[in-house]
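Asks: Got a structure for you, written out below as structure tokens; questions coming shortly.
No value in this document is a laboratory result; all are computed from the given coordinates. Computed from a predicted structure; not experimentally measured. Cβ placement follows ideal geometry from the backbone for every residue including glycine, while neighbour counts extend to all protein chains displayed.
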């Protein structure tokens, strides 16, 4: 079994290396499942729409016999959408796909840049091997066994899948900057984040997190008596007040 | 060891000063995105991006020291990586990347593959000869290579390709054929991953089948008819099969005899070098599939026409793979540009 995935480290002229955390089998599978649903829905939508138009009525029955127009208008585009989705979308989105983007991962070369057209196409050709025997068995096994979570296509194309985008909102960092004082930088970040997400959290979670933060920074002097949500929020505001 | 109050205060002040620069980081990140997607070519903006790079490097170094497990550091790592990639690798242009793939990379890869191609052709021809000899000597062995329906059709003096268009329309037949051929070619390439053995198996099996079928139809005086059927599409189809096999063999060789960089690095280099050839092969097989679906089974095409189509398409393939097709277009475009 391999060690947990390390990061990709690339030297730079500033002397500060670029560090990109590698995406593991979980994130990659999640992105693949999202993409699979997108291409399946697109292919299905095309099939339904064109079949209804072709039949002239709301019927999804294929025409009897082999009709050229049916094949050209319905079957061929459906196959193209399903099988060419990854190479075409990866080329168009410079090594990303809607699924990868939503998970926050992207394909890069070992130099940290976007891969070329050749590398992206080679990577997709090797899906044939990765997909064997069923459900990406070879690809998943290789990802689990290799330190950098590589499938066969990545090995062939010299690519890696990394977390390319931070989910952090810069406004939160600005807010945290105002709160460094009573709190250290980590506490300021957590307090700013908690206050920003206050309404989106379930009430129990809001109170639990506020209590933990107060306990950590104020210790025995913290007022942890039972109170309503508004009171817990104002206690937190007082702790993190600029 | 506990840190003094002065050190803590200093660290907090530094962290606050660092965090206050978040708008500048965001601006740098957005600028890098604009350049990466080719949305701006402003020189002043480009100069600012270089300044952003230094600023982010400086702040990231501080964040790594001051707040190693923070979201600030995570954000800076991502912004810094984006600016680095934009400065080092430039904007992405899909069209020029594809042009480079077909005009530069594919011809170079084909030239590099010549020795492997010679071996692949030799293996294919020897297998075809072996298949021919086996079935010629032991006709019953055809059952290993052909389906009972095909055998029955040939034994009744009729090639299975006759009347093919009455059973399946050309469009559907073409798609079935080129899809199948592309999958076989891709497998011949990818199975080079098994130290070349998979490639050897696919090349050998296809050669054996071709030889065996020719021997069998020859026994029933149908070899000429089969040749008429095969020649328009077969010249390119068989060449592409050998080329895919050669690319697979190159991958196998890279794994069996890695260079100084190691087995994985050697495999990667061979796959990256030969990959573009496969894309060209797939495109050529689409053309071959269309010919096989529309022209090959159609009895209205005479043998000379079939020969012209087969040889003509093969010459086009050679021009395409050697880069001469695009060189000719570039020469035509050059005087116009002047």
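Asks: By how many nm would the segment from residue B:259 to residue B:24 lengthen if fully extended, with 0.36 nm per residue of separation less the alpha-carbon distance?
Replies: Gain on stretching residue B:259 to residue B:24: 80.0 nm.
Asks: Also, I was wondering about something else. Please give the helix B:324-337 orientation as an angle from the longest Cα principal axis of chain B, in degrees from 0 to 90, rounded to the nearest 10.
Replies: For helix B:324-337, the angle is close to 60 degrees.
Asks: If I fit a long axis through the Cα atoms of helix B:197-219 and take the longest principal axis of the Cα atoms of chain B, what angle between them do I get, 0 to 90°, rounded to 10?
Replies: 20
Asks: Hey, can you rank B:229-239, A:138-148 by average C-beta count inside 10 Å, highest first?
Replies: So the peptides B:229-239, A:138-148, ranked by packing, come out B:229-239, A:138-148.
Asks: Just rank B:72, B:106, A:221, fewest to most, by other beta-carbon atoms within 10 angstrom.
Replies: A:221, B:106, B:72
Asks: Would you mind ranking B:29, A:193 by Cβ crowding within 10 Å, fewest neighbours first?
Replies: A:193, B:29
Asks: What number in nm² do you get for the stretch A:170-239 if you take the convex hull of its Cα atoms and divide its surface by four?
Replies: Averaging across all directions leaves 4.4 nm² for the Cα convex hull.
Asks: Treating only the Cα positions of the stretch B:97-337 as identical point scatterers, give the base-10 log of I(q)/I(0) from the Debye formula at each q in 0.14 Å⁻¹.
Replies: -0.97
Asks: Next question, about the same structure. Just how far, in whole angstrom, is the stretch B:7-34 from the stretch B:251-329 if you go by their alpha carbon centroids?
Replies: Comparing the Cα centres of the stretch B:251-329 and the stretch B:7-34, I get a distance of 53 Å.
Asks: Principal axes first, then extents: for the Cα atoms of the protein assembly as shown, list largest minus smallest coordinate on each axis, whole Å, largest first.
Replies: The Cα atoms of the protein assembly as shown stretch 102, 56, 55 Å along their principal axes.
Asks: Give me the percent of DSSP beta bridges within the protein assembly as shown that run antiparallel, rounded to the nearest 5.
Replies: About 90 percent, rounded to the nearest 5.
Asks: Roughly how crowded by other chains is peptide B:108-121, in terms of the mean Cβ count from those chains within 10 Å of each of its Cβ atoms?
Replies: Per-residue shielding by partner chains comes out at 0.
Asks: Return an integer: the convex hull volume of the alpha-carbon atoms of the stretch A:7-163, in Å³ per residue.
Replies: Spelled out: Cα convex hull of the stretch A:7-163, divided by residues, is 126 Å³.
Asks: Mind giving me the FRET efficiency for residue A:59 and residue A:30? R0 is 56 Å, r the Cβ-Cβ distance, nearest 0.05 is fine.
Replies: In this case the efficiency is close to 0.95.
Asks: Given Cα positions, please report Rg to Rh for the stretch B:9-89, the hydrodynamic radius being the Kirkwood one.
Replies: With Rg and the Kirkwood Rh in hand, the quotient comes to 1.02.
Asks: By how many degrees, 0 to 90 and rounded to 10, does the Cα axis of helix B:170-190 deviate from the longest principal axis of chain B?
Replies: Taking Cα atoms only, the helix is inclined about 60 degrees.
Asks: Next question, about the same structure. Just to be sure I understand: with springs between alpha-carbon atoms less than 10 Å apart, which residue in B:31, B:221, B:111 has the highest mean-square fluctuation in the Gaussian network model of chain B?
Replies: In this elastic network of chain B, the residue with the biggest mean-square fluctuation among B:31, B:221, B:111 is B:31.
Asks: Among B:291-303, A:72-84, how do they line up by average Cβ neighbours within 10 Å per residue, starting with the highest?
Replies: B:291-303, A:72-84
Asks: Helix-only estimate, please: 222 nm mean residue ellipticity of chain B, summing -39500 (n - 2.57) across DSSP H runs of length 4 or more and dividing by its residues, to the nearest 500.
Replies: That calculation yields -26500 deg cm²/dmol at 222 nm.
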